[in-house]
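In what follows, a structure is listed as structure tokens, so that the remarks can point back to it.
The values are calculated or read from the model by the stated rules, or taken from the named source; none is laboratory data. In this text, all values refer to a predicted model and were calculated from it rather than measured experimentally. Here Cβ is always computed from backbone atoms with ideal geometry, including for glycine, and neighbour counts include all displayed protein chains. For accessibility, only protein heavy atoms count, side chains too; no ligands or nucleic acids. Shrake-Rupley method; radii C 1.70, N 1.55, O 1.52, S 1.80 Å.
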Amino acid sequence: MENQIIAPEHLVYQKPVLMNDTAMHYCPGCSHGVVHKLVAEVIAEMQMEDKSVGVCPVGCAVFAYRYLDIDWQEAAHGRAPAVASAIKHLWPDRLVFTYQGDGDLACIGTCETIHALNRGDNIVIIFINNAIYGMTGGQMAPTTLVGQKTATCPYGRDPKLHGYPLNITDLASRLSGTCYVTRQSVETVSSILKAKRAIRKAFDASMAGKGSSLVEIVSTCNSGWKMTPVEANKWMEENMFEAYPKGDFKDTTK
């Protein structure tokens, strides 16, 4: 049975062709690996592997360039949308996207995010929202839910002390430069398929020159949340989706 060749019609699953063999550094149960896979599949299906440029800043996604075999540009913390805008203006025929977490995008990079989207620069922002600073120790993020406990709000987020969660996707849907704004997740097969379709629609809109797109993926951080992967998915479904409901917020691509 060794080295047996599997006929294409019998092949159920294989690693995306654009995924490198590098072992991922993400914690077991993390949503990042699933989203990486979807991005790799969509780029390959579009046959844009030689014309794609990803931009990743600081945070858990900082090593994204290790895993997807496309061109990458590192950016300073929060500055990925500004860098992506510059790349798209220089190379309008490229598929240009950012890959950012909530602390990076919705806190340090709020200014760059809002202005890049509002300019309608034909870039795509992929926004991983796990409501916490995952890489640096589990601190409170702008997206941390009211009452949610983190390393810097151990008794739960208190609006009177910490303010309210920032719904960046709702805000993005109100900007004139955005053409497609959606919120998805990747905890089930059904949700993964919907997320993949959303990424494809955003990438297609970018290449068609229809404006900027934001694809939020509501995600888990079982390490930061101090939960098992199964518990984290359940907690996300019971808490995150109420605060961050899924679906398309804006679609002018039709």
**Report entry** Ala232, sole failed condition from (1) in a helix (DSSP H, G or I); (2) under 28 Å from Arg174 (Cβ atoms); (3) open to solvent by less than 10 Å² (accessible area, probe 1.4 Å); (4) not hydroxyl-bearing (Ser, Thr, Tyr)
**Finding:** (2)
Query raised in the report: How many residues does segment 42-66 hold that are under 16 Å from the mean Cα position of the chain (by Cα) and modelled with pLDDT under 95?
Result: 10
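Rundown of residues vs (1) in contact with a strand residue (DSSP E or B) (Cβ under 9 Å, 6 or more places away or on another chain); (2) free of Cβ contacts under 8 Å to residues at least 60 places away in the same chain; (3) open to solvent by 50 Å² or more (accessible area, probe 1.4 Å), yes/no style:
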site: Val96; (1), (2), (3): yes, no, no
site: Ile108; (1), (2), (3): no, yes, yes
site: Cys111; (1), (2), (3): no, yes, yes
site: Ala116; (1), (2), (3): yes, no, no
site: Ile125; (1), (2), (3): yes, no, no
site: Asn130; (1), (2), (3): yes, no, no
site: Pro142; (1), (2), (3): no, yes, no
site: Thr152; (1), (2), (3): yes, yes, yes
site: Asp158; (1), (2), (3): yes, yes, yes
Report summary line: Taking segment 235-244 and keeping only residues that are open to solvent by 10 Å² or more (accessible area, probe 1.4 Å) and either in contact (Cβ under 8 Å) with a residue 40 or more places away in the chain or in contact with a Cys (Cβ under 7 Å, 6 or more places away or on another chain) (or both), one is left with Glu237, Asn239, Phe241, Ala243
Query raised in the report: Among the residues of segment 111-142 satisfying the criterion of being modelled with pLDDT under 95 and β-branched (Val, Ile, Thr), which is nearest to Arg200 (Cα to Cα)?
Result: Ile132
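Every residue, every condition in (1) hydrophobic (A, V, I, L, M, F, W, C); (2) more than 26 Å from Ile123 (Cβ to Cβ), yes or no:
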| residue | (1), (2) |
| --- | --- |
| Met207 | yes, no |
| Lys210 | no, no |
| Ser213 | no, no |
| Glu231 | no, yes |
| Gly247 | no, no |
Query - Conditions (1) modelled with pLDDT under 95; (2) touching a Cys at 6+ places or on another chain (Cβ under 8 Å): number failed by Ala80 - result: (1)
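Quick one: count up the residues across segment 50-82 that are open to solvent by less than 70 Å² (accessible area, probe 1.4 Å) and within 20 Å of Glu216 (Cβ to Cβ).
17
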Requested in this report: Would you check if there is a residue in segment 210-222 being more than 17 Å from the chain's Cα centre (by Cα), surrounded by 14 or more Cβ atoms within 10 Å (Cβ to Cβ) and over 26 Å from Gly33 (Cβ atoms)?
Outcome: yes
Query raised in the report: Among the residues of segment 184-198, is any touching a Pro at 6+ places or on another chain (Cβ under 9 Å) and within 17 Å of Pro245 (Cβ to Cβ)?
Result: no
**Report entry** Flag if Met227 is open to solvent by 20 Å² or more (accessible area, probe 1.4 Å) and over 21 Å from the mean Cα position of the chain (by Cα)
**Finding:** yes
Query raised in the report: Would you pick out the residues in segment 20-36 that are closer than 14 Å to Arg66 by Cα and open to solvent by less than 60 Å² (accessible area, probe 1.4 Å)?
Result: Asn20, Tyr26, His32, Gly33, His36
Query raised in the report: List, please: which pairs have Cβ atoms under 9 Å, are six or more places apart or on different chains, and start with a residue in segment 186-211 that is hydroxyl-bearing (Ser, Thr, Tyr) and end with one that is open to solvent by 70 Å² or more (accessible area, probe 1.4 Å)?
Result: Ser191/Lys246
Query - Close pairs (8 angstrom Cβ cut-off, 6 or more residues apart or separate chains): hydroxyl-bearing (Ser, Thr, Tyr) in segment 51-63, open to solvent by less than 40 Å² (accessible area, probe 1.4 Å) anywhere - result: Ser52/Ile43; Ser52/Ile70; Ser52/Leu95; Ser52/Val96; Ser52/Phe97
Requested in this report: Would you check which residues across segment 37-49 are open to solvent by less than 70 Å² (accessible area, probe 1.4 Å) and either in contact with a strand residue (DSSP E or B) (Cβ under 8 Å, 6 or more places away or on another chain) or not β-branched (Val, Ile, Thr) (or both) and list them?
Outcome: Lys37, Leu38, Val39, Ala40, Glu41, Ile43, Ala44, Met46, Met48, Glu49
